Every structure is written in structure tokens, then in C-alpha cells.
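The values are calculated or read from the model by the stated rules, or taken from the named source; none is laboratory data. Nothing here was measured: the structure is a model prediction, and the numbers come from that model. Virtual Cβ from ideal backbone geometry, glycine too; neighbours counted across all protein chains shown.
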Amino acid sequence: MIQIDINQFEQLLPFVAAASEDVFTKMQPSFENHFDDLIATVVGTDAEQAVSTEDSPLQRYARGYVILATFLDSLHSHDIIMTDNGFGVVSNDNIAPASQARVDAMEHELAYRRDYALHNVVNRLRQVEGWADSLQAFNTIRSFVWSPYILNKFCGIPGKLTFDDLVAHKGEIDQAETFLRRELSDAQIDKLLEEERKAHFPTTSHRVAIMRIYDFIGYHITKNGDSIDLRARDRLFFSLLSLIDDNIDDFAKYRDSTAYKASHNIAYENKADDTTFFFAG
């Protein structure tokens with residue numbers, strides 16, 4: 001468990017103000033639960049040591065995530081409320097809560113900061129040797145759009161987005177990636193995702209391909225999966241495909257796939273050990 005003191009707590013949550021010591025004391029037992037959950041679902045035991053490295057960027061992001069996640073959960077426990085003067089622990093009936101609109105706005109801001117901290121944790125983990133091969137890495141980065149930061153910065157979706165927004169757009173993201181898997185092969189898409197987990201791309205063409213994939217997915221999201229202009233979609237896809245075809249040796253998984261042969265009208269080549277032979281008409 002990483003250490004969290006009241007000064008670190010106040011730096012992230014200055015608006016807790018005078019009640020900060022009471023709030024910190026209330027939440028302190030829950031820090032470890034959120035840290036353990038982070039290790040189990042995102043970090044993994046093999047990379048836990050990297051998170052424990054004192055005052056490293058990874059540890060700072062993990063600490064920020066734990067504080068914000070714990071605080072947000074505490075808001076729904078009815079022990080902590082927001083007032084016009086900040087947050088505090090409920091101790092008597094004379095505390096007047098803030099308006100629901102103000103509470104909702106603050107809660108969304110905190111959720112945005114929590115999820116941005118989690119994005120930074122994952123982004124740092126991608127550089128930790130061995131993490132990309134873990135079950136946690138596979139479950140965390142199953143898609144090219146694996147965080148709300150990517151949704152915002154590279155897919156053109158505005159606003160302070162959270163993982164709830166990512167879930168809300170899962171249908172359109174899945175639709176776009178299913179199309180790419182059919183046209184480019186599962187093997188090639190899996191290869192690019194493997195590189196995404198490692199934050200290591202062997203060629204410039206792979207980096208550019210990822211950016212064009214963001215454009216393609218972003219188009220599906222902005223259309224909400226409906227009323228897709230097939231010509232506009234195909235223009236985006238052929239921009240990606242032309243890049244791949246121009247650098248085909250960089251995309252060997254696609255080059256060797258049945259998807260490539262089908263799209264390039266390459267006839268099946270009979271092999272000596274085939275049980276069935278095909279003849280062109």
C-alpha cells in the first residue's frame with residue numbers, strides 16, 4: 001500500500017477546507033481497498049513494485065487515483081456532504097447541503113480528474129517491462145480507444161470525459177473495430193493492439209495507422225452508429241488502407257491474411273500437401 005498523508009490529500013482536494021482532517025480520518029481506512037482494487041484490476045502483482053517506487057510519476061498518479069476514487073465513493077455514503085463552504089462530515093442537523101446542481105457539477109469534475117489519473121497510471125504502466133503481457137494489460141487495453149482521454153483528444157469528442165462516456169460509446173467503437181477486423185484481419189488488429197499496450201511501434205507507418213484508426217472510429221462515434229454515410233466511412237477506411245498497402249511489408253499479418261487476398265483478388269495457391277485442389281475457370 002502506498003502512503004497517503006493529509007497534506008497530499010489536501011493538495012488534491014483543497015475545497016474540503018476546515019473539515020479536511022475529519023474527512024481524511026473518515027476516508028483513511030478505505031484507501032487500502034481502492035489501492036488493492038487498482039493492483040488487482042489494472043496494475044497486476046508483477047508491476048506492483050513499479051507503483052511502490054517512492055515519488056515516481058507512476059506512484060503520484062496512483063496516489064491521486066486512490067484519493068479521488070475513495071472520496072467519490074464516500075460522497076454516496078451520506079457521511080460526507082457538500083455545503084456552500086465546501087465539504088464536511090455530517091455531525092448535526094444544522095448543516096445545509098449545497099444545491100443538487102452544484103453537487104452534480106463538482107462530482108463530475110472529480111470523476112473527470114479521477115479518470116484522468118487512471119489514464120496516466122495506465123499510460124505509465126505501458127512503459128513498465130512485462131506489464132503489456134499481463135492479463136491486466138489485455139483487459140485494460142482491449143480496444144484502440146481505451147480511455148476517455150483518447151476519446152477526447154484523438155476521436156474528436158468534446159468535453160471533460162469520463163469512463164462512463166467511454167462505456168456510453170462502446171457500441172459505436174465495437175462496430176468500427178469489428179469492421180476493421182473483418183477488412184484487415186484479426187491477426188493484424190491484434191498485433192497493433194499489442195504494440196499499443198507496449199507503447200512501442202516498430203515503424204512510423206504503425207503510428208500513423210493508429211491515428212487513422214482513431215479518425216475512423218471517431219466518425220462512427222459522432223454518427224452514434226446511425227445514419228453513417230458509407231462514402232464518408234469508406235474514404236476514411238481507404239485512407240488507412242492505402243497507407244497499409246503502401247507499406248505492406250510493415251503489415252505482414254495483413255499481407256499474409258485471407259482478408260488481403262480477398263481484397264486484392266489473389267487466387268488461392270494450391271500446395272502439394274492439400275487434400276483438395278482448386279482450379280481457376
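For ILE210, indicate whether it is outside the structural domain of GLU107 (by TED's automatic domain parsing), farther than 22 Å from HIS119 by Cα, in a helix (DSSP H, G or I) and of a type in the set (A, V, I, L, M, F, W, C). No, not satisfied.
Of the residues in segment 32-44, not one is at pLDDT below 95 and buried (at least 19 other Cβ atoms within 10 Å of the Cβ).
Filter segment 111-153 for residues that are hydrophobic (A, V, I, L, M, F, W, C) and surrounded by fewer than 18 Cβ atoms within 10 Å (Cβ to Cβ); which is nearest to ALA168 (Cα to Cα)? Working first, answer last.
Filtering segment 111-153 down to residues hydrophobic (A, V, I, L, M, F, W, C) leaves 111, 117-118, 121-122, 125, 128, 131-132, 135, 137-138, 141, 144-146, 150-151.
Now restrict to residues that are surrounded by fewer than 18 Cβ atoms within 10 Å (Cβ to Cβ): 135, 138.
Working: LEU135: 24, PHE138: 21 Å.
Selected residue: PHE138.
Looking across segment 213-225, the residues that are more than 15 Å from the chain's Cα centre (by Cα), over 18 Å from LEU243 (Cα atoms) and part of a helix (DSSP H, G or I) come down to TYR219, HIS220, ILE221, THR222.
For segment 194-207, a residue qualifies if it is part of a helix (DSSP H, G or I) and under 21 Å from ASN152 (Cβ atoms), and the qualifying residues are GLU196, ARG197, ARG207.
Within segment 194-215, the set of residues being of a type in the set (Ser, Thr, Tyr) and in contact (Cβ under 8 Å) with a residue 60 or more places away in the chain comprises just one member, TYR214. The residues of segment 216-245 that are touching a residue at least 60 places away in the same chain (Cβ under 8 Å) and surrounded by fewer than 17 Cβ atoms within 10 Å (Cβ to Cβ) amount to a single one, THR222.
Of the helices (runs of 4 or more DSSP H) lying entirely inside segment 108-193, none contains at least 3 residues that are β-branched (Val, Ile, Thr). Checking the stated criteria, LEU166 turns out to be aliphatic (A, V, I, L, M), touching a helix residue (DSSP H, G or I) at 6+ places or on another chain (Cβ under 9 Å) and either modelled with pLDDT under 95 or not assigned by TED's automatic domain parsing to the domain that holds ALA47 (or both).
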